[in-house]
Every structure is written in C-alpha cells, then in structure tokens.
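Here's the structure we're looking at; comments come further down.
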Amino acid sequence: MARWISVTIVILSFVMAWVLPAGAIPHATTPLSEQTEGRLIPAGTLIRIAMLQSISSAYSRAGQAFRFRIVDDVRSGNRIAIPAGTTGSGKVIESRPARAGREDGRLHVDFDPLALRDGTKVDVAITQQSLVADENLHNGMAGSLEQVADMAIPGFFLIDFLRRGDNATLAENSPFHIGVTVDAFLTN
C-alpha cells in the first residue's frame, strides 16, 4: 500500500510539472540574458507596498487620489531597481459601501505607473499573483470565527441576512503586494 502511494505521488509530480507550466502564472516575455540582466524588471514581479493613507469602500469616492510607498527593495540582477521608500500614486475608480444582506463593499483602484529616478515607468496593479501572495502570507485557509458561528447556530439566518457586509479597506501602513504587469527596462 505504501509503495502504491509513493508511486502515485511520483507520477503526480511528473504530471504536475508537465501540466502546470501551460497554466502557470504568466511571467516576463523577455528572456534573461547578459543584455537584460540588471536592467529587466519582469512582468509578474511582486512589489510590497504600504498605503500612505487609508482608503475604504465605506468613505472613499471615485476619483479620489491616494499615495503609497514601496516597503522592500526590488532587485534586478545584482542591483536595486526600485529602492524601498519610492512613492507612487493612484486613484479610486469605483467605491460602493457594504450593504445589508451581507453584501460586501466594493473598492476598485488603479495604480499610476511607478516613475523611477532614471525615467523608467513601471506598470503595476493588484494582480492574481499578488492576491495569492497576500492570502498565503496571512494563511487565509481558515474562516473567521464569526463565519463558523454563522453556519453553526440554528435560526441565525434571519439575523445574519440583516447584517451588513464588510467594507473593502486598504489601510494606512498595512503592507500588501502589487505586481508588475509589463516588462520594464531600466535605462542605465
């Protein structure tokens, strides 16, 4: 039995290694070479940022500007491509507060390209990869105690239905990830 399980695991490993690259996270389209090493910030690169002020679906409005700072250095080869402390900006595209019936708030933001000292523009956004990185960082596998209680208490449905959903908030100084969306090349 143990041998059968071991063989199955080995076969699954080979299958996953063969299948996953086709559906894997999209990465840079530019190959790494001597010419690109130390100059390329590839698409898919994750950047940890922190908001300089909080924005929330509870009170932010479409068109509201916001600023953020880079928390950790971003490297390209052996050099620092984007130093920690670099600031960027963006704006709220859509904001809708939470509503009764457990309808969560909606907050849609757009990040301006990061303008680096050498003139390079780096397109960034909240990406699927950045969401996964943040979920993994917070070990988001388990539901909150409140969610578990809502499912376990009989007769709680009516009260739960009247409960307002959660507002979406990007809190000041609470780091999260964004991703580079297009390959960027440092000019010098």
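The values are calculated or read from the model by the stated rules, or taken from the named source; none is laboratory data. Keep in mind the model is a prediction, meaning the values are calculated, not measured. Every residue, glycine among them, receives a Cβ derived from its backbone with ideal geometry; neighbour counts consider all protein chains shown.
Here is how the numbers come out for the structure above:
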| item | result |
| --- | --- |
| Candidates Val109, Val71, Val132, Val92, filtered to the one that is at pLDDT 95 or above and either surrounded by fewer than 19 Cβ atoms within 10 Å (Cβ to Cβ) or more than 12 Å from Arg48 (Cα to Cα) (or both) | Val71 |
| Of residues in segment 56-68 being modelled with pLDDT of 95 or more and crowded, with 16+ Cβ neighbours inside 10 Å, the one farthest from the chain's Cα centre (by Cα) | Phe66 |
| Residue list for segment 84-101, restricted to those being touching a Leu at 6+ places or on another chain (Cβ under 9 Å) and more than 18 Å from Leu170 (Cα to Cα) | Thr86, Ala100, Gly101 |
| Top-ranked residue of segment 78-89 - restricted to ones that are in contact with a strand residue (DSSP E or B) (Cβ under 8 Å, 6 or more places away or on another chain) and in contact (Cβ under 8 Å) with a residue 24 or more places away in the chain, ranked as surrounded by the fewest Cβ atoms within 10 Å (Cβ to Cβ) | Thr87 |
